1. Test LEU104 against the stated conditions and say whether it is touching a residue at least 60 places away in the same chain (Cβ under 8 Å), closer than 29 Å to GLU225 by Cβ and either surrounded by 15 or more Cβ atoms within 10 Å (Cβ to Cβ) or out of contact with any strand residue (DSSP E or B) (no Cβ under 9 Å at 6 or more places or on another chain) (or both).
2. Considering the range 313-334 alone, what residues qualify as being of a type in the set (Gly, Ala, Ser) and over 10 Å from VAL381 (Cβ atoms)?
3. Enumerate the helices (runs of 4 or more DSSP H) found wholly within the range 352-454, keeping only those where 3 or more residues are among the hydrophobic types (A, V, I, L, M, F, W, C).
4. Quick check, is PRO121 assigned to a helix (DSSP H, G or I), modelled with pLDDT under 95 and within 23 Å of the chain's Cα centre (by Cα)?
5. Quick one: which of MET280, MET264, MET259 is touching a residue at least 12 places away in the same chain (Cβ under 8 Å), assigned to a loop (DSSP other than H, G, I, E, B) and farther than 20 Å from CYS187 by Cβ?
6. Please go through (1) under 20 Å from ARG424 (Cβ atoms); (2) open to solvent by 10 Å² or more (accessible area, probe 1.4 Å) for ILE382 and return the number of the only condition it doesn't satisfy.
7. Tell me the helices (runs of 4 or more DSSP H) entirely within the range 134-246 that contain at least 1 residues that are within 17 Å of ARG91 (Cβ to Cβ) and either in contact with a His (Cβ under 6 Å, 6 or more places away or on another chain) or open to solvent by less than 10 Å² (accessible area, probe 1.4 Å) (or both).
8. Since LYS112 meets every condition but one in (1) within 25 Å of VAL389 (Cα to Cα); (2) in contact with a Leu (Cβ under 9 Å, 6 or more places away or on another chain); (3) modelled with pLDDT under 95, which condition does it not meet?
Amino acid sequence: MVILTLNCGSSSAKYQVYDWDEKDVLCVGVVERIGLEYSTIEQKSIGKEEYEERFVSPTHKEAIELILKMLVDEKYGCIKSLSEIGAVGHRVLHGGELFKKSTLVTDDVVEKLKTLIPLGPLHMPANIMGIEVARKLMPDVPQAIVMDTAFHQTMPEEAFMYAVPYEWYTKYNVRRYGFHGTSHLYCAKRAALLLGKKNEDTNVIILHIGNGASACAVKNGVCVETSMGLTPLEGLVMGSRSGDIDPAVVPYICTNTGMTAQDMDTQLNKKSGLVGICGMSDRRDVHEAANNGDKRAQLGVNMEVHRIKKYIGAYAALLGRVDAIVFTAGVGEMGEHIRKGACTGLENLGIMLDEEKNDLSHCRNAETCISKDESPVKIFVIPTDEELVMTEDAYALMNGTYDIHTNFHYSFEDPSYVNKARARGLKEQLKKKPELERIIALPPQKTSCSVKGC
């Protein structure tokens, strides 16, 4: 049996097929540019050549139809029949206060999700369309939703409430929800394993840094604070999002420019962050420009690491004891200059970066430790795996064994867990870069020292 996971964004649909019996990824793919003049699909199945094509996809319906067709394609596919799909897991941006954990999809669930569209107008319609299309095309297959906000539902009131009129919360659901929860869940549990601690005894600060970025404070295994708020706009400096600003900036700029509320929303979400500062959002481009003397790019880098460092300090104060700092997502996993900038100067908090290890850690196939041997606080780089969380939630829901994460055991919490796809990739990478092996982090049960490389 295989599990299909779908992540339908505003103009894209990412997907993965996982062989539950073999515990291995069979296929990954993405459709992009949905709704534009042409769309593209890229798919890679184990043992098959990569498939790339342009096609017309006005909506997610056409995209998912092509995805299902390509999964069973004789030349490029990974399964013989759609009947092999035992469950589908859907990533959903916003659960509001209605969905605090993953759940099976019913007609009632879909209708409730539609009431949450105002909380995520850019992503929720695409999420819902993906669910409806998949249910129509596979009516007999159990389908599950996995909310980006669910992991953060353990925050106390003093953390999730805003100091605004209380009726904004009671009437309009205005509060901090947080996002990237599936990634933070995965990284929190992997960090506990690498530290040789129980989840309920582990305190970590997780930095999910991609085009979107968020920080999360995990105390005794649960989220107690996170940087994103009602929407994914608040918090860290991001690729095109502003992160934290003085709210008074909004009426001030609207008054002086004639911008509408919608205009301002577009500016803050799509034309701010690094794009607003230096005209680029890809950190590789920003880093290269900064190294070549571009003052605005240098400013952008400095602003990003300054904001991350502020959040690390604030969350360290909240946690009291920090066991580890975790970097994850595209930039967190591959942007050594961002990790260095964020950690430099935090030695008084027990956070001691080893620059040589940090420079070595440029790998998405292994978890690495980049702190100095004597550092009281470990610094890990953990490649996230949101798809695996979605897969396991969908399977457990289908079998009636699912529960909230504090009562549920994931396969990746076991010291013996191996991501087979990444293991294959690491084997090839070590042939070219054998020195990487010395910073690979392993659970205590798998090595003679607590964390290999630390």
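1. no
2. GLY313, ALA314, ALA316, ALA317, GLY320, ALA324, ALA329, GLY330
3. Here the list reads 386-399, 420-432.
4. For PRO121, the condition - assigned to a helix (DSSP H, G or I), modelled with pLDDT under 95 and within 23 Å of the chain's Cα centre (by Cα) - is not met.
5. After applying the criteria, what remains is MET280.
6. (2)
7. In the range 134-246, 181-195 are the helices (runs of 4 or more DSSP H) which contain 1 or more residues that are within 17 Å of ARG91 (Cβ to Cβ) and either in contact with a His (Cβ under 6 Å, 6 or more places away or on another chain) or open to solvent by less than 10 Å² (accessible area, probe 1.4 Å) (or both).
8. (3)
The values are calculated or read from the model by the stated rules, or taken from the named source; none is laboratory data. None of these values were measured; they are calculated from a predicted model. Using ideal geometry, Cβ is built from the backbone for each residue, glycine included, and neighbour counts are taken over all protein chains shown. Remember, those area values only see protein heavy atoms, side chains included, never the ligands or the DNA or RNA. Shrake-Rupley method; radii C 1.70, N 1.55, O 1.52, S 1.80 Å.
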